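The values are calculated or read from the model by the stated rules, or taken from the named source; none is laboratory data. For clarity, every value in this text was computed on a predicted model and none was experimentally measured. All Cβ positions, even for glycine, are placed from backbone atoms using ideal geometry, and neighbour counts span all protein chains on display.
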Amino acid sequence: MSQRTVRAVFISDIHLANPNSQVDLLAEFLNTTDMEYLYLLGDVVDLWKLSTRRGRWHKDHERILHLVLAKARSGTKVVYVPGNHDPFFRHFANNSLGPVEVKQEAIHTAASGEKYLLLHGDRFDEDIYCGHFWWHLGEWAYEAVVTLNRYVNRLRAALGRPYWSLPGALKMRSKKVQAYIDSFEEKVIAYGREQGVQGVVCGHIHQGQLRITEDGFVYANDGDWVESCSALLEHTDGSLELIQVPHTQGQTKNRLHPSPAWTCLKAE
């Protein structure tokens, strides 16, 4: 497997302890990528899932934590910004957990000089704060679709068919979901502008995105490792790229590629 070197990696929504977490693909990505900075933007360990009987902690999940710690001990600066599924760790903000720094929010300065605000994004999710019952109903529905997607693609793989995303198809067909995503992005961008930065990087909504607004502000969402398996990269020249690890089994490992639906921003 070839090794790639980048300046920074931004990932979130790994959801360790969730049976749908794509830990094998993430382990492959971490093993084949060297970086100066590694930012974990929330929902790394799914503490909510662990608090129920639906949570499952496997050695493969623990391996991800060991890989992250190994990166930190070998010189990578690792910064952890907890999310709404691992809020307990927000108590350690502005402190360290071993070699890992914990922040409520963080600022990353790119090689080209731009400053990016880093956060999870749940503070802008109105559904969380409009009602406990409705939020849990939405969580249950999403988990059910992702779980069904896992079994559907096991069957497709056995039949020699390529990976197909049921959650992605449903998102594309739902005007309500698209309106929610648009509203979330607008709120994150507005907050970032208030902080005086040139861009914002977040997670939370499991919807990878990388775009630049008309006035030059950068919005990036690094996606997730439950369904899309995506990460945001900063290259040594300061350019940003949103990449996806293919789900397809039996192909050459380490085939990272930009999704054709996503943008690659190059430094000027």
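Tabulated data for the structure shown
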read-out	value
Residue match in the range 56-73 (condition: in a loop (DSSP other than H, G, I, E, B), under 25 Å from I243 (Cβ atoms) and out of contact with any Pro (no Cβ under 6 Å at 6 or more places or on another chain))	no
In the range 15-31, the residues that are small (G, A, S) and outside any helix (DSSP H, G or I)	A17, S21
Some residue of the range 70-84 being of a type in the set (S, T, Y) and modelled with pLDDT under 95	no
Matching residues, the range 57-71, being over 19 Å from the mean Cα position of the chain (by Cα) and either farther than 19 Å from D46 by Cβ or of a type in the set (A, V, I, L, M, F, W, C) (or both)	W57, A70
Meets criteria (crowded, with 17+ Cβ neighbours inside 10 Å, among the hydroxyl-bearing types (S, T, Y) and modelled with pLDDT of 95 or more) for T109	no
Subset tally (residues that are more than 19 Å from the chain's Cα centre (by Cα) and surrounded by 13 or more Cβ atoms within 10 Å (Cβ to Cβ)) for the range 73-95	2
Subset of the range 82-122 [among the hydrophobic types (A, V, I, L, M, F, W, C) and over 19 Å from G196 (Cβ atoms)]	F88, F89, F92, A93, L97, V100, V102, A111
Index of the failed condition, K49 passing every other in (1) at pLDDT 90 or above; (2) closer than 16 Å to H206 by Cβ; (3) in contact with an Asp or Glu (Cβ under 9 Å, 6 or more places away or on another chain)	(1)
Lone unmet requirement of (1) of a type in the set (S, T, N, Q); (2) within 17 Å of L233 (Cβ to Cβ); (3) without any contact (Cβ under 8 Å) to a residue 24 or more places away in the chain for S74	(2)
Filter result (polar (S, T, N, Q) and either modelled with pLDDT under 95 or surrounded by fewer than 17 Cβ atoms within 10 Å (Cβ to Cβ) (or both)) within the range 25-46	N31, T32
Of all residues making up the range 32-55, the number that are part of a helix (DSSP H, G or I) and of a type in the set (F, W, Y)	1
